[in-house]
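A.B. asks: Mind looking over this structure? Questions follow.
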Amino acid sequence: MHKIDEKLANVTARIAHAAKIANRNAASVALLAVSKTQPAHRLREAYQAGVRRFGENYLQEALEKQNELNDLDGIEWHFIGPIQSNKTRAIAEHFSWAHSVDRLKIAQRLNDQRPTTLEPLNICLQVNIDNEPSKSGVTLAELTTLAEGVAQLPNIALRGLMTIPAPNAAANEHHPNSFARTAAALKQLKLALPCSPLDTLSMGMSADLEPAIASGATIVRIGTDIFGTRLT
């Protein structure tokens, strides 16, 4: 098995190449290491290789890792899994980012439960860009109304959008470009909400980071290509 530092170097090179082709600065694309199901010692290896942003899907697992890794400075924890009401307090208290907000009720709970000693919680609204019945996310038709409500919350920083396209959507030339449509949606939100930061597009994973970067991704969520096959 390749070491994490070797895998990380390969991913970083892919990001840099994709950014160059898109006439972008590679520094404009942040790497989020998706560490769900990985043991804490693997995250420690990634940290030692230079990773500082970690994305977790499962709350209890993430809290246990945070406790085990609390000796490491500068880790930025991102929650990227579905958010139910009973998870909001812990997310508000222990994470810097939440990528998967798709309801105003959840945003309001995160806002109300965010400790005043912390900076506002950075959130992305999850967009169900391909209208998949089995997938979470707000529709494009509902997006502006949700964003307008979230933007009013004082303990929330509405940073942008997150999406997971339908399988193979980005690579299928007959399918509208899901990443490009998400980027266009963010541009529309910027017009509607000029006072919000709205500088983030969280999209692209191990298999499709290149088309995501070509469409403007600012955070790519990479798991398999850093840690290898997911553990269960």
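The values are calculated or read from the model by the stated rules, or taken from the named source; none is laboratory data. If you're wondering where the values come from, they're calculated on a predicted model, not measured in any experiment. Neighbour counts are summed over all protein chains in view; Cβ atoms, including those assigned to glycine, are modelled from backbone coordinates with ideal geometry.
A.B. asks: Give the residues of the stretch 23-65 that are in contact with a helix residue (DSSP H, G or I) (Cβ under 9 Å, 6 or more places away or on another chain) and of a type in the set (Phe, Trp, Tyr), sorted by residue number.
C.D. replies: Phe54
A.B. asks: Hey, another quick one. Can you list residue pairs whose Cβ atoms sit under 9 Å apart, with the first residue in the stretch 59-74 being at pLDDT 95 or above and the second being hydroxyl-bearing (Ser, Thr, Tyr)? Count only pairs 6 or more apart in sequence or on different chains.
C.D. replies: Matching pairs, first to second residue: Glu61/Thr37; Ala62/Ser35; Lys65/Ser35; Leu69/Tyr47; Leu72/Tyr47; Gly74/Tyr47.
A.B. asks: What is the number of the single condition among (1) more than 21 Å from Ile164 (Cβ to Cβ); (2) without any contact (Cβ under 8 Å) to a residue 24 or more places away in the chain; (3) part of a helix (DSSP H, G or I) that Ile106 does not meet?
C.D. replies: (1)
A.B. asks: Kindly indicate the residue of the stretch 1-57 that is in a strand (DSSP E or B) and of a type in the set (A, V, I, L, M) and also surrounded by the most Cβ atoms within 10 Å (Cβ to Cβ) among those meeting that condition. Give the steps one after another, and end with the answer.
C.D. replies: Initially, the stretch 1-57 is screened for residues in a strand (DSSP E or B), giving 30-34, 53-56.
Remaining after also requiring of a type in the set (A, V, I, L, M): 30-34.
Details: Ala30: 17, Leu31: 18, Leu32: 24, Ala33: 26, Val34: 24.
In this case the residue turns out to be Ala33.
A.B. asks: Give the stretch 109-119 a look and list any residue that's surrounded by fewer than 19 Cβ atoms within 10 Å (Cβ to Cβ) and not in a helix (DSSP H, G or I), or say none.
C.D. replies: Of the stretch 109-119, the ones surrounded by fewer than 19 Cβ atoms within 10 Å (Cβ to Cβ) are 112-113, 115-119.
Within the stretch 109-119, Pro115, Thr116, Thr117, Leu118, Glu119 qualify.
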